[in-house]
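**Student:** Would you mind keeping the following structure in view while I ask a few things?
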Amino acid sequence: MTRFGVLVSGGGTNLQAILDAHSDGRLQAEIAVVISNRKKAQALERARAAGVPAKVITHHSFPDRQEFEQALIERLAEHQVDWVVLAGFMRVLTPLFLSAFPQRVVNIHPALLPAFPGLDGQGQAFAHGVKVAGCTVHLVDEGTDTGPILAQEAVTVRDDDDLESLKARILEVEHRIFTETLQKIASSELVLEGRRARFVGTR
Ligand code: GRF
């Protein structure tokens with residue numbers, strides 16, 4: 001069975017959606033370990049409540065990014081992780097980390113990429129006045145939110161939306177498309193042709 005390691009930094013509602021999908025059988029994979037770079041992340045409590053090993057590796061404890069990433073790699077390897085899931089993980093990963101999990105790091109971004117990459121995708125989209133917002137599940141490469149797209153879904157912006165109401169509707173969709181995509185990763189083969197990604201067959 002595919003073993004996912006989940007990296008988090010904050011509240012962890014996407015992690016919760018993943019844990020829920022795992023416990024009710026919609027996600028047939030192992031959640032091997034959850035690692036936070038912040039001690040106070042609520043995501044850690046969510047992992048512990050679900051009986052998943054929850055670890056803290058703070059970036060402050062290392063002299064540089066490379067050593068921080070090396071520690072992450074070692075901990076993920078200890079838990080025999082096949083795929084790394086970024087669920088609100090707020091550190092940029094370098095080629096050192098990515099080469100340990102080639103084409104096996106997946107992220108959720110709260111905007112329709114390639115529009116509005118980087119921090120606060122929903123806020124950027126809202127401020128731009130878009131009529132269609134949304135979210136994207138993508139493989140992580142060396143750029144910021146530039147890797148091949150695995151799934152996307154649009155969310156219509158309503159005239160009476162404020163940023164908070166829009167964020168809430170995007171987040172609901174994030175939870176669904178992220179868990180569905182992880183199930184595809186666990187149950188089929190991911191084929192990449194250039195930037196185009198598709199899932200084929202079933203395992
Ligand atoms: C989500 O909006 C996700 O798209 C972004 O970070 C946020 C994490 O939220 N990458 P949560 O910690 O899963 O609640």
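**Student:** Working only within the stretch 140-151, note down all residues that are more than 12 Å from the ligand (Cβ to nearest atom) and buried (at least 20 other Cβ atoms within 10 Å of the Cβ).
**Tutor:** Within the stretch 140-151, G147, L150 qualify.
**Student:** If the requirement is being at pLDDT 95 or above and touching a His at 6+ places or on another chain (Cβ under 8 Å), which of these qualifies: F116, F97?
**Tutor:** Only one candidate passes the filter, namely F116.
Yes/no matrix, rows are residues, columns are (1) farther than 23 Å from I18 by Cα; (2) outside any loop (DSSP other than H, G, I, E, B); (3) away from the ligand (no atom under 13 Å from the Cβ):
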residue	(1), (2), (3)
D160	yes, no, yes
K167	no, yes, no
T179	no, yes, no
L192	yes, yes, yes
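**Student:** Can you tell which of V173, V155 is in contact with a Gly (Cβ under 9 Å, 6 or more places away or on another chain) and without any contact (Cβ under 8 Å) to a residue 24 or more places away in the chain? Explain how you work it out, then say what you get.
**Tutor:** Values: V173 fails: without any contact (Cβ under 8 Å) to a residue 24 or more places away in the chain.
Exactly one of V173, V155 is in contact with a Gly (Cβ under 9 Å, 6 or more places away or on another chain) and without any contact (Cβ under 8 Å) to a residue 24 or more places away in the chain, namely V155.
**Student:** Follow-up. I need the full set of residues from the stretch 32-54 which are away from the ligand (no atom under 16 Å from the Cβ) and either crowded, with 17+ Cβ neighbours inside 10 Å or part of a helix (DSSP H, G or I) (or both), in order please.
**Tutor:** A32, V33 - these are the residues of the stretch 32-54 that are away from the ligand (no atom under 16 Å from the Cβ) and either crowded, with 17+ Cβ neighbours inside 10 Å or part of a helix (DSSP H, G or I) (or both).
**Student:** Moving on. When you scan the stretch 68-83, do you find a residue that is under 23 Å from L192 (Cβ atoms), in contact (Cβ under 8 Å) with a residue 24 or more places away in the chain and in a helix (DSSP H, G or I), even just one?
**Tutor:** Yes, the stretch 68-83 has at least one match.
Matching residues to (1) outside the structural domain of A43 (by TED's automatic domain parsing); (2) surrounded by fewer than 22 Cβ atoms within 10 Å (Cβ to Cβ); (3) over 13 Å from the mean Cα position of the chain (by Cα):
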position	(1), (2), (3)
L72	no, no, yes
L96	no, yes, yes
L112	yes, yes, yes
G134	yes, no, yes
T156	yes, yes, yes
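Rundown of residues vs (1) out of contact with any Ser or Thr (no Cβ under 7 Å at 6 or more places or on another chain); (2) within 11 Å of the ligand (Cβ to nearest atom), yes/no style:
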{"residue": "V105", "(1), (2)": "yes, no"}
{"residue": "L112", "(1), (2)": "no, no"}
{"residue": "G118", "(1), (2)": "no, yes"}
{"residue": "G123", "(1), (2)": "yes, yes"}
{"residue": "H128", "(1), (2)": "yes, no"}
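**Student:** Can you find, within the stretch 74-92, the residue that is least open to solvent (accessible area, probe 1.4 Å) among those that are more than 22 Å from T179 (Cβ to Cβ) and of a type in the set (A, V, I, L, M)?
**Tutor:** For the stretch 74-92, the residue satisfying everything is A77.
**Student:** Now for a separate question. Hey, among the residues in the stretch 13-31 that are in a loop (DSSP other than H, G, I, E, B) and charged (D, E, K, R), which one's surrounded by the fewest Cβ atoms within 10 Å (Cβ to Cβ)? Break it down into steps so the answer makes sense when it comes.
**Tutor:** Within the stretch 13-31, the subset in a loop (DSSP other than H, G, I, E, B) is 24-29.
When the remaining residues are screened for being charged (D, E, K, R), the result is 24, 26.
On the way: D24: 8, R26: 15.
In this case the residue turns out to be D24.
**Student:** Can you name the condition, by its number, that V8 falls short on among (1) within 14 Å of the ligand (Cβ to nearest atom); (2) touching a residue at least 12 places away in the same chain (Cβ under 8 Å); (3) out of contact with any Gly (no Cβ under 8 Å at 6 or more places or on another chain)?
**Tutor:** With (1) within 14 Å of the ligand (Cβ to nearest atom); (2) touching a residue at least 12 places away in the same chain (Cβ under 8 Å); (3) out of contact with any Gly (no Cβ under 8 Å at 6 or more places or on another chain) applied to V8, the lone miss is (3).
**Student:** Return a yes/no flag: does the stretch 115-123 have any residue that is surrounded by 12 or more Cβ atoms within 10 Å (Cβ to Cβ) and closer than 20 Å to A197 by Cα.
**Tutor:** Checked the stretch 115-123: at least one residue is surrounded by 12 or more Cβ atoms within 10 Å (Cβ to Cβ) and closer than 20 Å to A197 by Cα.
The values are calculated or read from the model by the stated rules, or taken from the named source; none is laboratory data. Remember, predicted model here, so these are calculated numbers, not experimental data. Cβ sites come from the backbone with ideal geometry, for glycine too, and all protein chains shown count toward neighbours. When the accessible area is computed, the model is the full protein with side chains, heavy atoms only, and any ligands, DNA or RNA have been set aside. Shrake-Rupley method; radii C 1.70, N 1.55, O 1.52, S 1.80 Å.
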